[in-house]
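Shown next, in C-alpha cells, is the structure this report addresses.
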Amino acid sequence: MRQTAIVLDRLLSNSDSRIRPDIYGSPLKVKCDFFIEDFGPVDEVTMEFGLEIYFRQRWHDPRLAYTESLPHIAIPSHYMQQIWIPDLFFPNEKSGSIHTVLYPNQVIKIFPEGLVRYSARMNLRLSCSMYLLHFPLDYQDCSIKISSYSYDLDNMILAWHDNGDGAVQVHTEDFNLPQFELLGIEYDDFTQNLTTGSFSILQARFSLKRQVGFYILQTYIPSILIVALSWVSFWVNKDAVPARITLGVTTVLTMTTQLSTSRSNTMKVSYPKALDVWYAFCMFMVFASLLEYAVVNVLSRHEEKSRRRLDCERDLNEIQEHLDATVVVEEIADTDEVMLDRGTSRKDKAPPPSENHRKIIQHMADVKDKLRKYGLTHTRNVTAQGIDKSSRIIFPSAFVLFNVVYWLIYTQEIVFTDLFSKLIPA
C-alpha cells in the first residue's frame, strides 16, 4: 500500500494537467466506448431522448508509465484535476450530469505502460431530430455524438474501442423501452469541418421502432367508436330533432377534444402526420353525419309540402268534377229560359256565366295560387327516409375503405423494413 502511494505521488508530480501527452509528436489517439444502463424516455414533443451510460475513454500518457510490479493504480475523483484528461463533450447534449451519490461516480486507472483509462457514470439528455410523417407508425434514428472541444485533428483523433463485444453495449437483462423497440445500434466516426478547424467526431446511432399498442388503445379505438356512434342517428326517427342534433353535436365536440389533446402531446410540425390524417377523416365523418341530418330535415319539410300539394290537387279535382256537372246543367236551363222568353234559338246567343259558375272558377284560381305558394310542381324522387337508408351503407363503407387505404400506406414501410431485417441479418 505504501508502494502504491509512493508511485502515485511520483506520477502526479511528473504529470501536467494543462498539456496533453506528447504535445510535439503525432496526434493523440483517444478510444471511447460506453455501456448503456438505461435508455429513455424518448420525447417527440421536445425531440430529445435520455441515456444513462458508463462512459469510458482510454489513451496513452508516457508521463504516467511506471515499472513497479503493480497491475494498475486507481486514482479517486479528488485527484483527477492533477492529471490531463481529454476535453470530450457531446455536441447534441441538452443537459447532463455525473452521478455523485454516494460518491462521485468516476475513476481513473493507470497501467504500467502508461495506458490511462477513465470511466464515469452519467445521465444525458440528447437532442434527436425526428421525422414524424408516419407518427405513430414511425421509425426514428437517434444518435449520440462525441467530440473534443478544443483539440482539432492535428492534436487528437477519436476512435471507437471495440474489444469484441462492440463499442456500445446494452444492459439487456432489464432493458425495456415503454414506447419504442431498439432495433439496433450502429457507430461510426467522421471529420467535421468548422470555422475553428477540423475535428474528429464519433457517432452512435440508435434505430428505434415505435410501439403502436398504446396509440391503438388510446387513440384509434376511441375515435373509431366515436365515428360509429355518429352513425346511430341514421336509425333515429327523422322527426326526433333534439335527439339527432344532440347526438351529432356531441360526437363532433368529443372528436374535437380528442384531437386537441393529441396535438398537445406531439411536436407541432409543418407537415401532416399520420395521426393528423386519421383525425381529419374522423372529424369529416362525424361532421358529415351532422350535415346529413340537415339535408334529411330539409327534405322532410319538402315532403310535408308535397302532402299539402296532394290535398290541394284532390280539392281541385273535386271542384273540377263539380264544375263540369253544374255548369252543363245551368247552361242548359238558362238557355231554355232565354229561348222561351225571347223566342230565339240556342244558336243565336249564349247567356252569360251564372254566379255559381264564377264562384267555382274563382275557387279553382285560389287553389292554383296555393300550389304556387308551396312551390311544388312535381314529386321528388329523393326522400328523407331514402337518404337515411343510403347513409347506413355509404358512411360505414367509406370509413372501412379509408381504413384499408390508411393502413396500407402508413404501414408498408414497417412491413418492408421488418422483412428486410429478417432476410438480411445484422
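Observations on the structure shown:
- Rounded Å value of the spacing that divides the Cα centres of the range 36-110 and the range 228-250: 65 Å
- Taking Cα centre as origin and charging only the Cβ of basic (Lys, Arg, +1) and acidic (Asp, Glu, -1) residues, the dipole magnitude of the range 2-211 rounds to 660 debye.
- Quarter the surface of the alpha carbon convex hull of the range 99-237 and you get the mean projected area, 15.5 square nanometres.
- Computed log10 I(q)/I(0) for the range 2-211 at 0.14, 0.15, 0.17 Å⁻¹: -0.91, -1.02, -1.23, from the Debye equation with unit scatterers placed on every C-alpha and solvent omitted.
- Cross-link check: pairs LYS31/LYS109; LYS31/LYS145; LYS209/LYS268; LYS29/LYS94; LYS94/LYS268 evaluated at a Cα-Cα cut-off of 24 Å; pairs beyond the cut-off: LYS29/LYS94.
- Where N is the number of residues in the range 157-239, Cα Rg divided by 2.2 N^0.38 Å: 2.11
- Using only alpha-carbon positions in the range 257-299, the gyration tensor eigenvalues give semi-axes of 29, 10, 6 Å once each is multiplied by 5 and square-rooted (largest first).
Only the coordinates and a few stated rules stand behind these numbers; no lab work does. Values in this document were obtained by computation on a predicted structure and should not be read as measured data. In this analysis, Cβ positions are derived from the backbone assuming ideal geometry, glycine residues included, and neighbour counts consider all displayed protein chains.
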